[in-house]
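Undergrad: Pasting a structure below so you can have a look.
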Amino acid sequence: MDLGTVVGWVLICVLLFGSMAIGVGIGPYIDIPSVMIVFGGTTGCLMVGFKMEQLKKMFTFYGVAIKPTMVDIPGTITKMVNYSTKARRDGILALESDVNNEDNEFLKKGLSMAVDGNEPDAIRSLLEIDMEQTSSRHGGNIKIFEQVGGFSGAMGMIGTLIGLVAMLLNMADPSAIGPAMAVALLTTLYGAMIGNILGGPVANILSIRNDDEMMEKQVILEGIMAIQSGDNPRTLESKLMAYLPPKERKSQFE
Amino acid sequence: MDLGTVVGWVLICVLLFGSMAIGVGIGPYIDIPSVMIVFGGTTGCLMVGFKMEQLKKMFTFYGVAIKPTMVDIPGTITKMVNYSTKARRDGILALESDVNNEDNEFLKKGLSMAVDGNEPDAIRSLLEIDMEQTSSRHGGNIKIFEQVGGFSGAMGMIGTLIGLVAMLLNMADPSAIGPAMAVALLTTLYGAMIGNILGGPVANILSIRNDDEMMEKQVILEGIMAIQSGDNPRTLESKLMAYLPPKERKSQFE
Amino acid sequence: MDLGTVVGWVLICVLLFGSMAIGVGIGPYIDIPSVMIVFGGTTGCLMVGFKMEQLKKMFTFYGVAIKPTMVDIPGTITKMVNYSTKARRDGILALESDVNNEDNEFLKKGLSMAVDGNEPDAIRSLLEIDMEQTSSRHGGNIKIFEQVGGFSGAMGMIGTLIGLVAMLLNMADPSAIGPAMAVALLTTLYGAMIGNILGGPVANILSIRNDDEMMEKQVILEGIMAIQSGDNPRTLESKLMAYLPPKERKSQFE
Amino acid sequence: MDLGTVVGWVLICVLLFGSMAIGVGIGPYIDIPSVMIVFGGTTGCLMVGFKMEQLKKMFTFYGVAIKPTMVDIPGTITKMVNYSTKARRDGILALESDVNNEDNEFLKKGLSMAVDGNEPDAIRSLLEIDMEQTSSRHGGNIKIFEQVGGFSGAMGMIGTLIGLVAMLLNMADPSAIGPAMAVALLTTLYGAMIGNILGGPVANILSIRNDDEMMEKQVILEGIMAIQSGDNPRTLESKLMAYLPPKERKSQFE
Amino acid sequence: MDLGTVVGWVLICVLLFGSMAIGVGIGPYIDIPSVMIVFGGTTGCLMVGFKMEQLKKMFTFYGVAIKPTMVDIPGTITKMVNYSTKARRDGILALESDVNNEDNEFLKKGLSMAVDGNEPDAIRSLLEIDMEQTSSRHGGNIKIFEQVGGFSGAMGMIGTLIGLVAMLLNMADPSAIGPAMAVALLTTLYGAMIGNILGGPVANILSIRNDDEMMEKQVILEGIMAIQSGDNPRTLESKLMAYLPPKERKSQFE
């Protein structure tokens, strides 16, 4: 589990609910109809705006957000350079057993195509389609979280307006105005909280995780192309190192 | 009918009108002049900003939004691979009868061009123009729904300002201030509801439906190109599979 | 005249001024200094931000907005296919008289270059420069209308702040507060009305008209290229048909 | 001096200060600490966000904004066509004296490279780098003026919040509330004025001036390439005319 | 240290805290729970939205923001031209000692590849990957500062809503309303200050520093390519000069 993301959520909740508790207590901040308007309304907007199959996977994406980074670019570079060394020494067919033991689906597919003797252009084209489509699918899912903030903010404002109108029509008892207005404001508060806790930052981290995955796939693609054309493993390593920040560039040949 | 979209709308309406009913009742939230300003004003802005032929089709687009996804990428892949197998075995002319029975206009056009012996570049160029123009037409229509929110929000604000000015000029009777302000706020409420129920989320789902259609057309385009150049059906299937998420990739050759 | 655009403007004005009239009458909504601040201030911002020669043509652009769509893509396709048929039958020089009778400047220029035997690349390059520059000039003009909303909204807010400060300094007479605040709000009202009636929607329709013109020019460009290279008129028609929505594709060869 | 820009500024100032003067007089709108917060704070934000060497030239850019358009595309076209005619008649070396008398640095550089017999690709590459870098430098400077509005608006809001808090803590004397709130609002007023007078519109006109300069350079670049390859001056003129709006296209050969 | 950036921060702080001190004193503006909500909440949002390894380096980036510009394009051009002269006179191997003494890692890597006789395409490809990845890493870091403003503004608004609700529920004692509202507004004030002091402008200057670094790398890349292909040093200088503003172009050959 990615501690940062989880600790971040805990921190926000402790601070916000803590500050409520210290003030007038958490009780007055809970109003079931308001919760239903904002949560339900946001859900409704998402159901109108996205396909059910995307929304069903929404909780999975929260899981992706809190999973620690699985992408290991230096490790992938080492692996690609090792494959390259082996292919150069023993021929590309020597990689057949490695293909079968490979976990990464993308690398397995690309490498097996190379071992099977497909044209470089065909391999590159297939892997690039895979990358583009994966990134575009992820982008579609990330958009859910980007929209959450807009929808919840709008539902919060609609709820507040509904409450304000009701309050303005019942101003006979001045002592009721304050509490009525307090309740009206709750939906705006819920909307802002949902958007900034469950929406925006999640979209952000998912987008970073997608970029990481795409970079790993780019490294694999470059590696397979170099293996197939029989490039020098040192040259390949130099090139792949350029994907890393200068400080992390440690050659295995030194 | 796409249950998700329709259920979403029902959910929003039940929640919002329900919360009004529970409070002061739905009656006070209905003000015909306010409805006319926001609905009429938004319609007016759309009439200035778009061509009549686009607006006339606006209700059709709501229909598209609630239609379930018709695009079946795995099915399209299977079909393209079958055509490819047949063309490879019996020659491309063997596809002539399939062309005549094909429902998908885009596939029919492309395949008949291939069967008629057109140059690959000519086929690709024509199909790509079709895709670009279709996507650009859809984009123009989607923009209507994107603008709805902006226009209705602005009309809501204008209505509220008109009401506020009237209220401020008539503050002799303090007991009338509340109700007058309540009415003034109604246009803002209507504007926010129109924008977030009939505007934004609809633009979003229409954009997703367009992306789906474009992906299907891309698969068809790649398939026709491969059929014409006589590629191996297995190679074609591998390539087209890259358009699917890994879990949905099921080869018909296994 | 494009009825849609004009009816849209009339509709908005009838609704807004009607709702004022029904309430406290139109009179209280008219305040000459406020009108001057918002109209004059917006004009001032436009004068700072654009070249005089652009602003002088601003009223012409309102004319373009209300002119009905002049672009007739199906007609243009028919014409290009006819030229193509004639050029193929009688040679490209047979189009010389058509060039002289042609009204469309863009088509005339391109076709005369083809008849004069210019290189295809030279023709394409010249026509593409013309398209890019025209579209970029239009874009510059459209930006005026996009900015109108921003400038008028800002001027409205500035006017309201000026009025609010004045009101806050003169709160001795409570009965004067309401009317003073009403007047202060008028500039915000004017700003929102200008932006959403004379700004945003106009920018939108002008942008649609530009897209239409560019599509016509693209069809002409493709047509001229095909005529010069002696393509089959049926092939040309197929290709140009791809610019139309499927329902409007009616071949003249059937 | 570009009258439009200057008149625009004068118009805005006359209207805004006039409307203050007519109301409660200009005096109450001037509050030195508020001026310092907004002007100083905006300056501070600019100093954090930009390099000193950019800010030092900021006043020069105001000068560029009010300078009349120096770019004369028709004149530049005439000049390029004349050079082309001369080069075709007497050889490109005949342009040597023209190079020395040329004022435009960009044209001088490009033409002298052509006269010196550099490769066309080298000339194009150098001139394109010059154009890109110039445009990118200008873009960096324009960003200063785009940010001015954001920074001054934020500083205005911060100032108002500081003032509101102070006011809310001192509500013992009700008669002081109005004036205190008036002063608090002044920073918001200043922020909006700075952003919409010294920021946004200036960024806009500078961006237009940059586009004009880039178009002139593009015409020069196309001209030099044509001169070097010995193109027909009439063909060159036709091509360069495509940069002009149709009405301004007047050939010197007719 | 870059005086401009530091002076800018000092200026803002002096002005804002000074204006507080002059008014009701700094004390009333300090509220520890409010500070915690905004600072802590913003930190929480950043922890959810970014990877820990990015956030850990956040303070380093503030260091980059205040470091004076290290990039010296004219000096880099001089160096590249000198290398070019030497390579042309004594052969590219003569640069071997220069490579070893070179501080700039990017130049060192590229030049050593050239000296080692790598293919020009391989060198260009590697250096371009390095540039793209560096710029994309920087962009990811800059996004932290862009998001700070959004997150802190949202947390400020949430804090104010929490405070407002508490205040509205406790309106029995009218004299407590003012101070309670004052405290509620503090979080909005903090949010705006954080965003506009520690967020936006920092993102801006970091982005400028990245552009400068990329321009230097581009000059180095062009230089190495020219050195390897044995171009004339004067031609190289002319080309690299095009990266500078006209006034700074001073040839070392004159």
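Undergrad: Using only Cα atoms, tell me the angle between helix A:200-228 and the longest principal axis of chain A; keep it within 0 to 90° and round to the nearest 10.
TA: Computed tilt is about 10 degrees.
Undergrad: Same structure again: Between the label point of C:ALA172 and that of the same position in each other copy, find the distances and list them shortest first in nm, with every label point placed 7 Å from Cα along the Cα-to-C-beta direction.
TA: Inter-copy label distances (nm, one decimal, shortest first): 2.5, 2.5, 4.0, 4.0.
Undergrad: Under the definition of partner shielding as Cβ atoms of other protein chains within 10 Å of a residue Cβ, what is the mean value for peptide E:84-91?
TA: That average works out to 0.
Undergrad: Roughly how many whole Å is it from the C-alpha centroid of region D:77-93 to that of region A:72-120?
TA: 60
Undergrad: Put +1 on the Cβ of each Lys and Arg and -1 on the Cβ of each Asp and Glu in chain B; which of B:TYR62, B:ILE32, B:VAL183 then has its Cα farthest toward the positive end of the dipole?
TA: B:VAL183
Undergrad: How far apart are the D:ASN101 label points across copies, placing each 7 Å from Cα toward Cβ, in nm, shortest first?
TA: List, nearest first: 5.0, 5.0, 8.1, 8.1 nm.
Undergrad: Let me ask something additional. Under the classification rounded if a/c is under 1.5, otherwise prolate if a/b is larger than b/c and oblate if not, where does region A:184-235 fall, given a ≥ b ≥ c as square roots of the Cα gyration tensor eigenvalues?
TA: Prolate, because a/c is 1.5 or more and a/b exceeds b/c.
Undergrad: Between rounded, prolate and oblate, where does region B:31-254 land on the alpha carbon gyration tensor, with a ≥ b ≥ c its root eigenvalues, rounded for a/c under 1.5, else prolate if a/b exceeds b/c?
TA: It is prolate, given that a/c is not under 1.5 and a/b is the larger ratio.
Undergrad: Once you place label points 7 Å from the Cα toward the Cβ at E:ALA21 and E:MET58, how far apart are they in nm?
TA: 2.8
Undergrad: Given charges of +1 on the Cβ of Lys and Arg and -1 on the Cβ of Asp and Glu, with all other atoms neutral, how large is the dipole of the protein assembly as shown about its Cα centre, in debye to the nearest 20?
TA: Around 1520 debye, computed over the protein assembly as shown.
Undergrad: I've got another one for you. In terms of the Cα gyration tensor, with a ≥ b ≥ c the square roots of its eigenvalues, is region D:1-97 rounded because a/c is under 1.5, prolate because a/b exceeds b/c, or oblate?
TA: Taking the square roots of the gyration eigenvalues as a ≥ b ≥ c, region D:1-97 is oblate.
Undergrad: Over region A:14-127, what relative contact order in percent results from Cα pairs under 8 Å that are six or more residues apart?
TA: It rounds to 10 percent for region A:14-127.
Undergrad: Let me ask another. Can you give the accessible area of E:TRP9, probe radius 1.4 Å, in Å² rounded to 10?
TA: Accessible area, nearest 10 Å²: 50 Å².
Undergrad: Now, a different point. Compute, for region B:31-254, the length of the dipole vector about the Cα centre, with Cβ point charges of +1 (Lys, Arg) and -1 (Asp, Glu) only. Units Debye, rounded to 20.
TA: For this selection, approximately 280 debye.
Undergrad: Quick one: compute the contact order of region C:80-140, relative version, from alpha carbon pairs under 8 angstrom and 6+ residues apart, as a percent.
TA: Relative contact order here is 21 percent.
Undergrad: Further, regarding this structure: Compute the relative contact order of region A:31-254 as a whole-number percentage, counting only Cα pairs closer than 8 Å that sit 6 or more residues apart in sequence.
TA: Rounded, it is 36 percent for region A:31-254.
Undergrad: Per the helix-only calculation at 222 nm, which mean residue ellipticity applies to chain E, given -39500 (n - 2.57) for every DSSP H run of n ≥ 4 and division by its residues, nearest 500 deg cm²/dmol?
TA: -25000 deg cm²/dmol
Undergrad: Same structure again: Taking the Cα centre of the protein assembly as shown as the origin and placing charges on Cβ (Lys, Arg +1; Asp, Glu -1), which of E:GLY200, E:ILE158, B:GLY230 is farthest toward the positive end of the dipole?
TA: The one lying farthest along the dipole's positive direction is E:ILE158.
Undergrad: Here is a further query. If one computes the Cα centroid of region A:132-189 and of region C:10-25, what distance in Å separates the two points?
TA: Rounded to whole Å, the Cα centres lie 30 Å apart.
Undergrad: Mind listing the label-point distances from A:LYS86 to the same position on all other copies, shortest first, one decimal in nm, points 7 Å along Cα→Cβ?
TA: Label-point separations across copies, in nm and ascending: 4.3, 4.4, 7.0, 7.0.
Undergrad: Is there a simple number for the mean count of other chain Cβ atoms within 10 Å of the Cβ of residues in B:214-224, and what is it?
TA: Per-residue shielding by partner chains comes out at 1.
Undergrad: Right, another one. Using a cut-off of 24 Å between alpha-carbon atoms, which lysines can reach A:LYS250, once sequence neighbours fewer than 8 places away in the same chain are excluded?
TA: Of all the lysines, those that pass the test against A:LYS250 - Cα under 24 Å, at least 8 places apart if same chain - are A:LYS79, A:LYS86, A:LYS217, A:LYS239, E:LYS51, E:LYS56, E:LYS57, E:LYS108, E:LYS109, E:LYS217.
Undergrad: Note down the nm distance, to one decimal, between modelled labels 7 Å out along Cα→Cβ at E:VAL35 and at A:GLU96.
TA: Computed distance between label sites E:VAL35 and A:GLU96 equals 7.0 nm.
Undergrad: Please list E:ARG209, B:ARG88 from largest to smallest accessible area, probe radius 1.4 Å, with all protein chains kept in place.
TA: B:ARG88, E:ARG209
Undergrad: Within 10 Å of each Cβ of B:10-19, how many other protein chain Cβ atoms are there on average?
TA: Whole-number average of other-chain Cβ neighbours for B:10-19 is 6.
Undergrad: Return the chain E residue and its Cβ-to-axis distance, rounded to the nearest Å, for the rotation relating E to D.
TA: E:PRO174, 10
The values are calculated or read from the model by the stated rules, or taken from the named source; none is laboratory data. Worth saying up front: this structure is predicted, and the values here are computed from it rather than measured. Virtual Cβ from ideal backbone geometry, glycine too; neighbours counted across all protein chains shown. Just the protein is used for accessible areas: all its heavy atoms, side chains included, with ligands, DNA and RNA removed. Shrake-Rupley method; radii C 1.70, N 1.55, O 1.52, S 1.80 Å.
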